[in-house]
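Structure, as structure tokens:
Rule-based calculations on the coordinates, nothing more; no lab input. Model, not experiment: these values are computed from the prediction. A quick note on method: Cβ atoms are made from the backbone with ideal geometry, for glycine too, and the neighbour counts reach across all protein chains shown.
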Amino acid sequence: MTFRQFAFRNVIRNRRVYAAFFLSSVASVMVFFIYSMLMFHPKLENEFLQEIAFQGMVIAEVILVLFMLFFLLYSMRAFLEARLTEFGLLLQLGMEKRKLNKLILFETMIIGMAAIIVGILFGYAFAKFFFMIVREILQIDSLPLYFSWKPFALTISIFTSLFVIISFISVMFIKDVHLVSLLRGYWRNEQLSKFSVWRGLLGMLLLLAAYIMASQIQKQYLVIFTILTPPFAVLGTYWFFTDSVPFLLSRLRGHKKWYWKKYHIISLAKISAIMRENARMFFITCMVSTLAFLAVGTLSSMSTFTHQYHQLNPLGLVYSSKYGNPYEREHISGLINELEEKGLSYHLNKFDIKRQTSSYTKRSVKIMKQSDINRLAIVFGYPVVNLRPGEAMFLPYSLDSINELKTKKVNTVLEENNVSLSIDKVYPKVLFSPTELGTNVIIVNDIDFHMIIDPIQGAETRQSTTHIFVFYVPQWTETKDIGTDLDVMVSNAYMANQQNQLPFYFENPGLDYSFFRSTFALLLFIGLLASTVFFLASGSFIYFKLYTGLEEDKKQFDTLRRMGVTHKELRKIVDSQLITQFFLPWGLAMLHSTFAFMALQVFWKGIADLSIIKETIIVLAGITAIQICYFYLIRWRYLAHIRA
């Protein structure tokens, strides 16, 4: 048997130990390869203009590679711990240290190359399926499967480099270990660990402070929250596992009546040893799980924004023209022609808007007449406005603003023209978004509107009066190619900070929706793939630790059987330690994510008046179901090995 055959057979013999490592590596290679296939797709390069989504794939690949470097390093250390006795025997039988290092290098590269080959094969086999999803997301006519050397070369080179780096680092891990230590193998010190009470209390206080900040956050403090909370949460989580949990367990041991009951003393002793040995592993698992939860939840909230976009922007095309705009007729005629060429039905309304100073707030307010609003309301099937002279009504800009303005009563005077108004109503529907009209708009009777002759103080008539042309298009998602020239002009003006110099403003919700929908949906797709790798890895950390000490656990459980512990009690002991390992870091990650989503809700409420409660519940419930299934799978295999 050659040396390479010996290395290969070592991998086969230790397949149980390497199983989770191999599967997680295959999943990572597969996801990376699919990203690469999307990045190098010729159709995507030609038609996909959303650079943000493309950059999202690049960022996801970088994060994936960095995470895999850390994951592989941690995994290989766990494997070497499980095989220390085997290495000690080889050295005792005369194998040189240099040969042992070479053996570890060969074994790592065998697993790595197998993972790369299998991952690429699965990635290419499922690439067409993922292309179909991306095609629907981006609304591209076709996204065929293709063959190019670029994604293969990128994936093979990146992951081969990773496995080579890990191989050399792994060799360094056992470089200075003495032969006696190797022969003794992986050994657990079941002595009670020392912990700091002050660090334990401080860890819980830091987590509590982070949760309070997240639950009480207001949108004006979001930046401060983003800076302060992550350090609090990370440091608090670390001390929670290293000091807070041992402190709480020591307090639990003080309840003698519970502690000495049945098998509780055995369960608590095992849990205490596990928590002390694996505190850093639990910290890493918790933070990785939190990142995965937040990635899925944040990207899901972006998709929610696209789903509710039409509710927030109910109009088709909006063209706002300043008084005396020389391009008004040309632009409106061009939009009409484009709509008719595409065969899209539309309803055009023109609104006159005047600005005045309110005596109540001393600020500018925009005035619209009820006949204009009623024409648009009839098109939508909304209630019409019926105001008498001297009465006015708020025009809401969001769903929340309707509730805020319902109870508000204002008596004001339009100072420039001395028009008295009593405002005690709000229109029950959202007609215009804040970007189209602003947030301070009222509807008045036509008689009062025509009494407004003088412009707002300090402005000329052309600066105080605006015409808005509204195209109501039932098939509003089909308008993404309408008015693209106008949209480019407006975008360039904003980029150059010269928007006030344009005599018009144009907004196409159909075009914006197409951009948001494709970008956010693709980012969600990318995030889900990356989060899948994170979830597998976080579960694999626990798997590695379980199987590292498997032989020691079997000896302990055999001793307990001989002492008279029943099979049912033995299973309860196993359940207590597995539940702690699986659900303590996962539960804390879930708690982190829940409070983080509270802050995210404040963010979305501030910019788009959205509620992400439903999406948050769905994400957390789905992740919970996956974690429970994963727990029962590992529990089943662990019990099978313990009984063997």
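Descriptive notes on the structure:
- Dipole axis of the range 94-137 (+1 Lys, Arg; -1 Asp, Glu on Cβ), positive-most option in Met109, Phe131, Ile120: Met109
- Label-point separation, Leu235 to Leu23 (7 Å along Cα→Cβ), nm: 3.9
- Summing Lys and Arg as +1 and Asp and Glu as -1 over all other residues whose Cβ lies under 13 Å from the Cβ of Phe240 gives a net charge of +1.
- Order of Leu208, Leu162, Leu93 - criterion: other Cβ atoms within 10 Å of each residue's Cβ, fewest first: Leu93, Leu208, Leu162
- The range 440-509-the range 365-394 distance, computed between alpha-carbon centres (Å): 18
- Applying both filters, DSSP loop and at most 15 other Cβ atoms within 10 Å, to the GluC sites (Glu not before Pro) of the range 369-430 gives Glu415.
- Charge tally in the Cβ shell below 11 Å around Asn417, where Lys, Arg are +1 and Asp, Glu are -1, Asn417 excluded: -3
- Once the mean of 1/r is taken over each pair of separate Cα atoms and inverted, the range 347-471 shows a Kirkwood hydrodynamic radius of 14.6 Å.
- When only alpha carbons are used to place a centre, the range 313-332 and the range 200-239 end up 48 Å from one another.
- Seen from Leu145, the other residues with C-beta closer than 12 Å to its C-beta sum to a net charge of +3, counting Lys and Arg as +1 and Asp and Glu as -1.
- In the range 347-471, taking the dipole from charged Cβ atoms about the Cα centre, the farthest positive-side position among Ile452, Pro428, Val410 is held by Pro428.
- Applying the criteria of a DSSP loop state and at most 16 other Cβ atoms within 10 Å to the GluC sites (Glu not before Pro) of the range 90-169 yields Glu96.
- Theoretical gain in end-to-end length, Arg135 to Arg98 [0.36 nm per residue, Cα-Cα removed]: 8.1 nm
- In plain terms, the residue of Ser358, Ser215 with the fewest other Cβ atoms within 10 Å comes first and the most crowded comes last, giving Ser215, Ser358.
- Look at Cys629, Cys286 and count the other Cβ atoms within 10 Å of each Cβ; fewest to most, that gives Cys629, Cys286.
- The length gained by stretching the chain between Ser420 and Ser157 to full extension, at 0.36 nm per residue less their Cα-Cα distance, is 87.2 nm.
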